[in-house]
Amino acid sequence: MTQNLVGIEKLRVYPGSLSLSIRALCEARGLDAERTCADLMIDERSVCPPWEDAVTLGVNAAEPLLSEEDRSQIGLLLVGTESSVDQEKPVSSWVHHFLRLPSDCLNLEIKHACFAATGALELAKAWLHSPAARGRKALIVSTDQTTLTLNESWEPVCGAGAAAVLLSTKPTVLTCETGRSGIYAHEVSDVIRPNMRLETGNSETSLFAYLQAVEGTYENYVKVVGEPIDFAKHFARVLYHTPFAGITYRAHRALLSAYSTMSGKEMKADYQKRTLPAITHNRRMGATYGASTFIGLLGLLDTDPTVQAGERLGIFAYGSGSCAEFYSATLGAGARDCAKRANLGALLDARRPLTVAEYEMVEHIRDEHVGVAEFKPDLTRLDHWYDKYYRDRHLLVLRGIGDYYRDYAFS
């Protein structure tokens, strides 16, 4: 029914301004570059310069997305992140301020590992249906970057980026199917951040927990829907949370094994048709946490000309700890135009490629200023990259830290 419609009206991703070749990283670390890139299905990762963080990534994703009319109509801002720059003040306060949102816009920072953005989506859907919304819109921002991981086994899958998602009861990009969602929650210490500078965990435990959640959420989805579903035909395309693109094949194969009679060859072909296009941009950004499914949506729209408005997508989101959801949604008539406006491929191409030595330098600088009282980024580094990419482009940057107070401004 019309009054139950809720979904995405606008979507944009900011991939940062620096990139690193995973092949070059593997060669520097003595890893088999061919095998690593093929198995993980990753080619590049995004890297943040010292004057960017979770606040700037989030604002730079959302700022070009919003018209002045949009800003005036936003009544709820939810920022999902596990890369917060402060353990008391929420990232959402800065995002609210620099996006110039109304003073009566409720804002919160949400933490649940990579599930935070999808958890925020569920909260926003409920708010949009409630009397509290009064016809206004909700903005979700998912913003994250990995901590210092030099020489760790998971270094090749690290990354950074942010997605901004404008939700309303008049969706044109993606309409969520009301009541068609499966949840699976299970406590596990697969990936943890015991402090603001350290991200660690067990890769085998994480992989098992992810795949367990894929099966658990879909089983619950079928139960909640309450009618026979042919997984191979019900969803035109299937998107998966993408900590690294290679895991999406394992996830898709797990569901096909449980809910179809396909042969191994048929499973691979089905994956190539229904999921592979969605990882196009993820392969160039690395781990993007809660933003990965939204990046996948843009990748699908940018590279699969056969997917049509009105077709149903299955979407799986996962967050360590853990909580996961499998939900369905239908593509809107404005989806293709949204992807064109987002122009993510061009933003990825515009990043400055780093040498491994430059990448290590940048990561050390970022790590050293976490939680410190004083810091001023050197804007001349990387061959004056700030002047070449940021100056006069209205991108939010961190100008410095003084007595722990963070000073942000538009370039």
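The values are calculated or read from the model by the stated rules, or taken from the named source; none is laboratory data. What you are looking at is a predicted structure, and each value in this text was computed from that prediction instead of being measured. Every residue, glycine among them, receives a Cβ derived from its backbone with ideal geometry; neighbour counts consider all protein chains shown. We work out accessible area using only protein heavy atoms, side chains counted, and drop any ligands, DNA or RNA first. Shrake-Rupley method; radii C 1.70, N 1.55, O 1.52, S 1.80 Å.
Quick notes on this one:
- J(HN,Hα) series, region 9-24, from Karplus relation 6.51 cos²θ - 1.76 cosθ + 1.60, nearest Hz, glycine and proline x: 9, 8, 8, 8, 10, 10, x, x, 10, 10, 9, 9, 6, 5, 4, 5
- For G400, the amide hydrogen comes within under 5 Å of the amide hydrogens of D407, counting only partners 5 or more places away or on other chains and with H modelled in the peptide plane.
- Added length on full extension, which subtracts the Cα-Cα distance from 0.36 nm per residue, D43 to K268: 78.9 nm
- Of interest is the spacing of the C-alpha centroids, which for region 355-411 and region 291-314 amounts to 34 Å.
- Helix content alone sets the calculated 222 nm mean residue ellipticity of the chain: runs of n ≥ 4 DSSP H residues at -39500 (n - 2.57) each, divided across all residues, give -11000 deg cm²/dmol.
- Translational diffusion coefficient (Stokes-Einstein; Kirkwood radius from C-alpha pairs) of region 255-411 at 37 °C, 0.692 mPa s, in µm²/s: 170
- Surface accessible to a 1.4 Å probe, per residue, for the residues of region 286-347, Å²: 27
- Summing +1 for each Lys or Arg and -1 for each Asp or Glu among the other residues whose beta-carbon sits under 12 angstrom from that of S322 gives -3.
- Highest mobility in the GNM of the chain, judged by mean-square fluctuation with C-alpha springs under 10 Å and restricted to L211, L20, L239, is found for L211.
- For G80, nonlocal amide neighbours, meaning residues 5 or more places apart or on other chains whose placed amide H falls under 5 Å from its own, are I110, V141, S142, T143.
- GluC sites (Glu not before Pro) within region 81-142, DSSP loop, no more than 13 other Cβ atoms inside 10 Å: E88
- Alpha carbon centroid spacing (whole Å) that separates region 214-231 from region 89-123: 30
- Across the chain, Cα pairs under 8 Å and at least six residues apart give a relative contact order of 23 percent.
- Computed FRET value (nearest 0.05) for S103 with K376, which takes r as the C-beta separation and R₀ as 35 Å: 0.65
- Sites Y404 and L150, calculated FRET efficiency, Cβ-Cβ separation with R0 25 Å, nearest 0.05: 0.45
- Derived scalar couplings between HN and Hα for region 39-50 equal 5, 7, 6, 9, 10, 9, 9, 7, 10, 8, x, x Hz in order, rounded to whole Hz, by the Karplus curve 6.51 cos²θ - 1.76 cosθ + 1.60 (θ = phi - 60°), x for Gly and Pro.
- Here the simple spin-label model places points 7 Å from the Cα toward Cβ, and for E227 and R35 these points are separated by 4.8 nm.
- Reported label for calculated Rg/Rh (Cα atoms, Kirkwood Rh) given (1) 0.97; (2) 1.12; (3) 0.95: (3)
- For the chain, the share of accessible area belonging to carbon and sulfur comes to 52 percent (1.4 Å probe, ligands and nucleic acids excluded).
- Rounded to the nearest 5, the antiparallel percentage of DSSP beta bridges internal to the chain is 70%.
- Residue with peak Gaussian network fluctuation, the chain [Cα springs, cutoff 10 Å], from L150, L300, L66: L150
- For region 143-156, 3J(HN,Hα) computed residue by residue from phi via the Karplus equation (6.51, -1.76, 1.60; θ = phi - 60°) reads 9, 7, 8, 6, 7, 5, 10, 4, 6, 6, 5, 8, 3, x Hz, glycine and proline entered as x.
- Using the Cβ-Cβ distance between T200 and A24 with R0 set to 22 Å, the FRET efficiency works out to roughly 0.35.
- Cut-off under 5 Å, modelled amide H: who pairs with I74 long-range: K137
- Gaussian network model of the chain, Cα within-10 Å springs - most flexible of V47, V356, V55: V356
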